[in-house]
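Take a look at the structure below.
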Amino acid sequence: MGHRLSKIYTRTGDKGTTGLGDGSRVSKDDSRVDAYGETDELNSVIGLLLCEPLSDQLQTWLSEIQHDLFDVGAELCIPGHVVIKQEA
């Protein structure tokens, strides 16, 4: 299965809350929001690294990490949603 992002946009005014992927709302200073913000920031840094000349092996590794971080972000954004499974 390929990786894809759906549309990401804002529809509501600023009342100190933000919407999660399941439609529920939490405070903008909720630890869940902080966690997926940090995850997005790390993903951005990896994206910048991928703009540099790197070995094929390192590019592949960083790209895989980026996809994993998108999965982590999905789990953080949607309470109860499980994308990442422990490997045996």
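Here are a few things to note about the model shown:
- Which numbered condition Ser55 misses (of (1) at pLDDT 90 or above; (2) open to solvent by 70 Å² or more (accessible area, probe 1.4 Å); (3) not hydrophobic (A, V, I, L, M, F, W, C)): (2)
- Tabulated pairs, segment 29-46, first over 16 Å from Asp71 (Cβ atoms), second open to solvent by less than 80 Å² (accessible area, probe 1.4 Å), C-beta under 7 angstrom, 6+ apart or interchain: Val33/Thr18; Val33/Val26
- Odd one out for Trp61, checked against (1) modelled with pLDDT under 95; (2) open to solvent by 80 Å² or more (accessible area, probe 1.4 Å); (3) out of contact with any strand residue (DSSP E or B) (no Cβ under 9 Å at 6 or more places or on another chain): (1)
- Residues being aromatic (Phe, Trp, Tyr) and over 27 Å from Thr17 (Cα atoms) - total across segment 34-69: 1
- Here Asp71, Asp34 are screened, and the one residue that is surrounded by 13 or more Cβ atoms within 10 Å (Cβ to Cβ), acidic (Asp, Glu) and either part of a helix (DSSP H, G or I) or at pLDDT below 85 (or both) is Asp71.
- Pairs with Cβ under 9 Å, 6+ apart, first in segment 50-70 and closer than 20 Å to Lys85 by Cβ and in contact (Cβ under 8 Å) with a residue 40 or more places away in the chain, second assigned to a loop (DSSP other than H, G, I, E, B) and open to solvent by less than 70 Å² (accessible area, probe 1.4 Å): Phe70/Val83
The values are calculated or read from the model by the stated rules, or taken from the named source; none is laboratory data. Since the structure is predicted, the reported quantities are computational estimates derived from the model, not experimental observations. Cβ atoms come from the backbone with ideal geometry, glycine included; neighbour counts cover every protein chain shown. These area figures cover heavy atoms from the full protein model, side chains too; ligands, DNA and RNA do not enter into them. Shrake-Rupley method; radii C 1.70, N 1.55, O 1.52, S 1.80 Å.
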